[in-house]
Amino acid sequence: MSAAAGDTKGANDMLSKCKANSGRAAVDQDAAGLDTRVNLAGVELKNPVMTASGTFGSGEEYSEFVDLNCLGAVVTKGVANVPWPGNPVPRIAETFGGMMNAIGLQNPGIEVFCKRDIPFLKQFGTKIIVNVCGKTAEDYIEVVERLAEEPVDLLEINISCPNVKEGGIAFGQNPHSAEQITREVKKYAKQPVIMKLSPNVTDIAEMAKAVESGGADVVSLINTLTGMKIDIHRQAFAVANKTGGVSGPAIRPIAVRMVYQAAHAVEIPIIGMGGITCAEDALEFILAGASAVSIGTANFYNPMATVETVRGIEEYMRQHKVRHIQELVGIVT
């Protein structure tokens, strides 16, 4: 058997196992003496593993490889009030230990999303988290209002978007702006609100405190780090936007540090992300203070990364005789 065929067989075997187990999740947890459930602002996830926005489409794109029932939640690609075309190409470049992207949050807009993607996701027994993007407070509010009556569980607000009314500075790079946009969104949101923080700041703890003061129910971090790559052979920028968001394993130590700092600054739950490829990586974030984790770049080269991480966390809990995943959150101080 070829290596490729072996990899495909392994992925199919894991998918079959996941489908067989998905309907018996609660029973299996009790039988195994494990409880992987986590609570985010009153929303219970069957386990702490979810997808990172922008790396998993809106779920359907990966459903051939991953049984979405196995995940704690699916976090959708960013959705705006109107369709966004995104940035010119090239928009992706490989970097050492990761990648850089300047997609520009291309998306079909909220109306298409509600008609096409939400009904698809509702077929599965997993929570739905919608990532929301915008260029003004009014943009965010329009999407949040539209989602108020939709059957989605949480909203993740991407405040790394440029605030056009403030000269293009991202909402997430100024504590006052971050608190203000959080407060505005909370006025209209029917679902709990997750504020997704940018790492491109001087003090991540200050930003976490700002959104908590604005009424955030949960905080997620980190978004991508701003980077640049130059193609020395073409003597030109690797991506047309000149700069892009750097993600992947190379940024994980920075992300773990920021999650740790945020966990010591706020009382609300934290979703940690940034370079997670496996259960060991995810557990670093949980031990640092994250209640849940999101897997992003790893999905591009290993579509089964999320499910493998779920199983790996369960095995770690068995080995260390941990009954409830909550026992691990933030214990490294």
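Key figures for this structure:
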| read-out | value |
| --- | --- |
| Tabulated pairs, segment 190-202, first farther than 14 Å from V132 by Cβ, second modelled with pLDDT of 95 or more and of a type in the set (S, T, Y), C-beta under 9 angstrom, 6+ apart or interchain | L197/S220; S198/T224; S198/T226; P199/T224; P199/T226; N200/T224; N200/T226 |
| Options E156, E145, E149: the member that is closer than 22 Å to T76 by Cα, touching a Lys or Arg at 6+ places or on another chain (Cβ under 6 Å) and not basic (K, R) | E156 |
| Scan of segment 67-120 for residues that are surrounded by 21 or more Cβ atoms within 10 Å (Cβ to Cβ), among the hydrophobic types (A, V, I, L, M, F, W, C) and touching a Leu at 6+ places or on another chain (Cβ under 8 Å), ordered by number | L68, A73, V74, A80, I110 |
| Tally, over segment 132-161, of residues that are surrounded by fewer than 23 Cβ atoms within 10 Å (Cβ to Cβ), out of contact with any helix residue (DSSP H, G or I) (no Cβ under 8 Å at 6 or more places or on another chain) and under 15 Å from I194 (Cβ atoms) | 1 |
| Filter result (more than 24 Å from V144 (Cβ to Cβ) and polar (S, T, N, Q)) within segment 49-83 | S63, N69 |
| Elements of type helices (runs of 4 or more DSSP H) contained in segment 242-333, each with 2 or more residues being surrounded by fewer than 17 Cβ atoms within 10 Å (Cβ to Cβ) | 252-263, 298-301, 305-319 |
| Filter pass, A205 being among the small types (G, A, S) and surrounded by fewer than 24 Cβ atoms within 10 Å (Cβ to Cβ) | yes |
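The values are calculated or read from the model by the stated rules, or taken from the named source; none is laboratory data. Keep in mind it's a predicted model, so treat the numbers as computed, not measured. Here the Cβ is made from the backbone with ideal geometry for all residues, glycine too, and neighbour counts use every protein chain on show.
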